[in-house]
Amino acid sequence: MAIKVLIPQPILKEGYDFLEEHGYEVINGRGFSEKDIIADIGECDALIVRTAKITSKIIDSAPNLKVITRHGAGYDGVDLNAARSHNIIVMNAPGANSISVAELAIFYMLYCSRNFKLVQKTYKDNYFDAKFNVPKTELYGKTIGLVGIGNVGGLVAKKAAMGFNMNVIAYDPFFKKEAPDHIKITGDRDEVFRVSDYVSLHVPATKDTIHSVGQREFSLMKKTAFLINTSRGLIVNETALIQALKDKKIAGAALDVLWDEPFKKDNPLLEMDNVLTAPHIGAATKEASVRASLACVQNIDDFFNGRPLRSVVPELRDLVINK
């Protein structure tokens, strides 16, 4: 009997082709709500996750489920405690989205540096006001501060330093390698917020990082500085950010992620002239989607063929060791 793989949200054709060529039975889900996934998952052996939340109720409803693989690097939407209780391996696709997310972080800096949202708004009413009176700056010679220097953070550092001649300072307590010459690693997290013209966040959502950027951090930042967040919305205390923007404690923000996805339409951040928001598009390029789709199906194939598992999430690696 073929191994059944549930895909609640479509992946790219390359992923489907791989599964079919290797003899898997693909179950295209009817949707990605908890109710829909519970209705589809009963006989499935594997699950590919995009944006769906995988709750304990879903996992409890899947007696045959052996492996969950996340279409991307972040896996905070999967209930790892429930997975552990059912001895289910959870894997992700680290690095698959890194180029796309890093490019977007650079784009957000450029957008902020030219104050482009206000330029567009002003331009409609007054050409010369938008041209001459809306403040604009270069990235050249400015300082970018990175909180997190993993796959994405490392690429942002390289692009900022070598492409725009920016100074790069980074804080990451888990970074143990020797830093390249273009990155200054600091053990003082506050220094990143104090000296940077752009603070870019590249950390996962964990108990230690959720709401870790708030009123205190905004009070350290320059009034001319911008916050860039392409990681997870929960990293930033939105209430504190909104107040900091209203009080002009910082110059603005570019947010690929907010607390709520989909975003709540009454969120004040959506209406601010100095804030750019987007619907979590960092990994939404064709190239990144192909890489993530192939990484997911390769994870599944490795698992069911007894090969070494390279992308088990850290919290559950002991399940592999103890198999």
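Looking across the stretch 54-90, the residues that are of a type in the set (A, V, I, L, M) and closer than 22 Å to THR230 by Cβ come down to ALA73, VAL78. Among the residues making up the stretch 192-222, those that are over 20 Å from the mean Cα position of the chain (by Cα) and of a type in the set (Ser, Thr, Tyr) are SER196, SER219. When the residues of the stretch 305-323 are filtered to those that are surrounded by 15 or more Cβ atoms within 10 Å (Cβ to Cβ) and β-branched (Val, Ile, Thr), the one that is nearest to ALA244 (Cα to Cα) is VAL313.
Table: residues versus (1) surrounded by 15 or more Cβ atoms within 10 Å (Cβ to Cβ); (2) farther than 18 Å from ASN151 by Cα.
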| site | (1), (2) |
| --- | --- |
| ASN274 | yes, yes |
| PRO279 | no, yes |
| ALA292 | yes, no |
| ALA295 | yes, no |
| PHE303 | yes, yes |
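The residue of the stretch 114-126 that is nearest to PHE226 (Cα to Cα), among those that are of a type in the set (S, T, N, Q) and without any contact (Cβ under 8 Å) to a residue 40 or more places away in the chain, is GLN120. Helices (runs of 4 or more DSSP H) fully within the stretch 98-149 that include at least 1 residues being within 15 Å of the chain's Cα centre (by Cα) and surrounded by 14 or more Cβ atoms within 10 Å (Cβ to Cβ): 98-113.
Laboratory data are not the source of any read-out in this text; all were calculated from the coordinates shown. Small disclaimer: the values here were computed from a predicted structure and weren't measured. Cβ sites come from the backbone with ideal geometry, for glycine too, and all protein chains shown count toward neighbours.
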